[in-house]
Amino acid sequence: MNSAQTMVHLRLNGQSSKVPAGTSIAAALYLCGDGITRQSVSGQARAPVCGMGVCQECRVLVDGYSQLACQTLCAPGMVVQSGDAS
Amino acid sequence: MDAEAIVIGAGIAGAACAYELCQRGLDVLVIDDGPSGATQAGMGHLVVMDDNPAELALSSASLAIWRDWLVRMDSSCGYSHCGTLWIAADEEEMQAAAEKQVRLQAAGISSMLIDALALATLEPALRRGLAGALQVASDGVLYAPNAARWLLGQGGRQGPGSQGSQGGPQGRISQSGQAANGTKSTGSVRVSQAQVHTLEDGCVRLADGSTRSAPHIVLAAGLRAAALCPELPLQAKKGHLAISARYPGMVHHQLVELGYVKSAHERSGTSVAFNVQPRPTGQLLIGSSRQFDTTDSAIEAPILARMLRRASHYLPGLGNLQIIRSWAGFRAATPDGLPLIGPHPQRPGLWLALGHEGLGVTTATGTAHLIAAGICASACALDGNAYLPVRCLQNV
């Protein structure tokens, strides 16, 4: 992964963040914060469960569009918003 | 005797029958083997359907009973009084909407014809160019799996999600219905997770070889009843559904194309129709499809795609929404499209409450009233002749 050398800069919930290239958004949310991805309909915090794109618990807004955090790699300049009630 | 009545199947029909029998003072044993059926797979649309007088009578009477039950039910049942908009794409369908209004009116169901402008105001997400709609305000939606659980939980015993700790195959009949002086005030419902292997005279034999006996046995196992009662003329109609992430306020009523009725009553071939339901969570439940001659519950991408294209044809913004899950299930259809409700003509003590096709959640209450009235030999406000199983089981 050559991660020690190559870092990706992006915005996670308004914060400038830096993660090794090849990091998924789900992993980045854990590396840089509490790992929370979304809110349930009753307002409970949700985090990734299956890690393979099935459970839909890791939906976050990426550049304004809903994406699965576990299936999306961090890219330079990305703007990620988690904790949304989607 | 293990109970005064045994109900096989804990879906919405079985749960409603158990609830109503309990209300009338019977101790009821519900036996269910776990795998989900049409109650779990369906939309939970409480809708008056009027394709024939018998269907209209059953669905309208059932909705009236639901209104009575719903005031007692808790919020987990997810009831929403959203009404139905039957969408007319053109003037011909608008004429069909007007005729539908007359039929509904004759059954005491009020509805309102709305023009294109009013429709666009009520549901801005619909495409322009539609002719109008018939609004049936008394319809609603329900989360049927939880409604079934609630109904089963009212008899003093746990619902199907929590059985095992009590009320197993050797569990006792609840005494909660016995007043202190020994006279019975209300009945009880006990749910047992077990597989019924065969129906015998006055009892059911479970997969473990043991038997449970009761003077009345209600078979409410939908399509899976055919394994116990092979003479039942049930046909599986496969349907796909998809559900979106939450988009509150995008759709306000259950939206159904008037052409749905044509599709719903075909007896062969594959069809799709626009049928979208706003869930109380803001999610959109998107249907519908109908297929015959398959019992494979796998999602078929071409059918799902056709169904979603049809939905997008009415709701152009749908393509931008996120679908988070899709699945398929089966409706239990009878040859004439009406359910089988009442005594089995050749098997004494056996009652049938099945074959509701896509209308089982709506008509579960009317079914329960008919079954309970039959078992208790009491009068029923609803005339059940049209649904008697004898019409399909005369020559077996």
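Oblate is the label for segment B:81-130, because the ratio a/c of its alpha-carbon gyration tensor axes (a ≥ b ≥ c) is 1.5 or higher and a/b is not greater than b/c. Accessible surface calculations at 1.4 Å, restricted to protein heavy atoms, place chain B at 39 Å² per residue. Using the Cβ-Cβ distance between A:SER42 and B:ASP115 with R0 set to 30 Å, the FRET efficiency from 1/(1 + (r/R0)^6) comes to roughly 0.15.
Taking a ≥ b ≥ c as the square roots of the eigenvalues of the Cα gyration tensor, segment A:7-81 is prolate, since a/c reaches 1.5 or more and a/b is larger than b/c. Using Cα springs under 10 Å in a Gaussian network model of chain B, which residue among B:GLY44, B:GLY349, B:GLY222 shows the largest mean-square fluctuation? Taking springs between Cα atoms under 10 Å, the residue moving most is B:GLY349. Phi angles of segment A:57-72 translate, via the Karplus equation with coefficients 6.51, -1.76, 1.60 and θ = phi - 60°, into HN-Hα couplings of 7, 9, 5, 9, 8, 10, 6, x, 10, 5, 9, 8, 5, 7, 10, 10 Hz per residue; Gly and Pro are given as x. Only helices enter this figure: runs of n ≥ 4 DSSP H residues, each worth -39500 (n - 2.57), summed and divided by the residues of chain A, yield -2500 deg cm²/dmol at 222 nm to the nearest 500. The amide H of B:ARG325, built 1.01 Å from its N in the peptide plane, has B:ILE243 as neighbours under 5 Å, considering only residues 5 or more places off or on other chains. Distant-in-sequence amide contacts of B:SER192, defined by a placed amide H-H separation under 5 Å and a gap of 5 or more residues or a different chain, comprise B:VAL30, B:ILE31, B:ASP32.
Remark: mean inter-chain Cβ contacts per residue of B:71-82 equal 0, using a 10 Å Cβ-Cβ cutoff to other protein chain atoms. In the complete set of protein chains, residue-level accessible area for A:ASP63 is approximately 90 Å², probe 1.4 angstrom. Phi angles of segment B:365-380 translate, via the Karplus equation with coefficients 6.51, -1.76, 1.60 and θ = phi - 60°, into HN-Hα couplings of 5, x, 4, 5, 4, 5, 5, 5, 5, x, 5, 8, 6, 10, 6, 10 Hz per residue; Gly and Pro are given as x.
Below 8 Å between Cα atoms, with a sequence gap of 6+, how large is the relative contact order for segment A:7-81 in percent? After rounding, I find 37 percent. Computed 3J(HN,Hα) for segment B:114-125, one whole-Hz value per residue from the Karplus formula 6.51 cos²θ - 1.76 cosθ + 1.60 where θ = phi - 60°, is 10, 8, 4, 5, 5, 5, 5, 6, 5, 9, x, 6, glycine and proline marked x. Could you tell me the calculated FRET efficiency between B:HIS81 and B:ASP208, based on Cβ-Cβ distance and R0 = 60 angstrom, to the nearest 0.05? It comes out at approximately 0.85. Computed from point charges on the beta carbon alone (+1 for Lys and Arg, -1 for Asp and Glu), the dipole magnitude for the protein assembly as shown about its Cα centre is near 1020 Debye. The 1.4 Å probe gives accessible areas that order B:THR84, B:THR295, largest first, as B:THR295, B:THR84. The length gained by stretching the chain between B:ALA381 and B:ALA298 to full extension, at 0.36 nm per residue less their Cα-Cα distance, is 25.7 nm.
In plain terms, the C-alpha convex hull of segment B:267-396 casts an average shadow of 10.7 nm² when viewed from every direction. Our helix-only sum for chain B, with -39,500 (n - 2.57) per DSSP H run of n ≥ 4 divided by its residues, gives a mean residue ellipticity at 222 nm of -8000 deg cm²/dmol. Each of B:LYS238, A:LYS18 has its accessible area taken with a 1.4 Å probe; listed largest first, they run A:LYS18, B:LYS238. For B:VAL71 and A:TYR30, the FRET efficiency from 1/(1 + (r/R0)^6), where r spans their Cβ atoms and R0 equals 56 Å, is about 0.75.
The peptide list A:34-41, B:4-11, B:250-257, B:46-53, put in order of mean Cβ contacts within 10 Å with the highest first, becomes B:4-11, B:250-257, B:46-53, A:34-41.
Element breakdown for segment B:16-157 at a 1.4 angstrom probe: carbon and sulfur atoms account for 54% of the accessible area. Accessible area per residue (1.4 Å probe, heavy atoms of protein chains only) ranks B:TYR143, B:TYR314, A:TYR65 as A:TYR65, B:TYR143, B:TYR314, with the largest value leading.
When the surface is traced with a 1.4 Å probe over the full set of protein chains, B:ASP74 keeps roughly 70 Å² accessible.
Interface burial in segment A:31-72, defined as at least 40 Å² less accessible area with all protein chains than with the chain alone at a 1.4 Å probe, covers A:VAL41, A:GLN56, A:ARG59. Helix B:144-153 and the long axis of chain B differ in direction by around 30°, with both axes built from C-alpha atoms.
The values are calculated or read from the model by the stated rules, or taken from the named source; none is laboratory data. Treat the numbers as computed from the prediction; the structure is a model and nothing was measured. Backbone-built Cβ (ideal geometry, glycine too); neighbour counts: all protein chains shown. Keep in mind that these areas ignore ligands, DNA and RNA; they rest on the heavy atoms of the full protein, side chains included. Shrake-Rupley method; radii C 1.70, N 1.55, O 1.52, S 1.80 Å.
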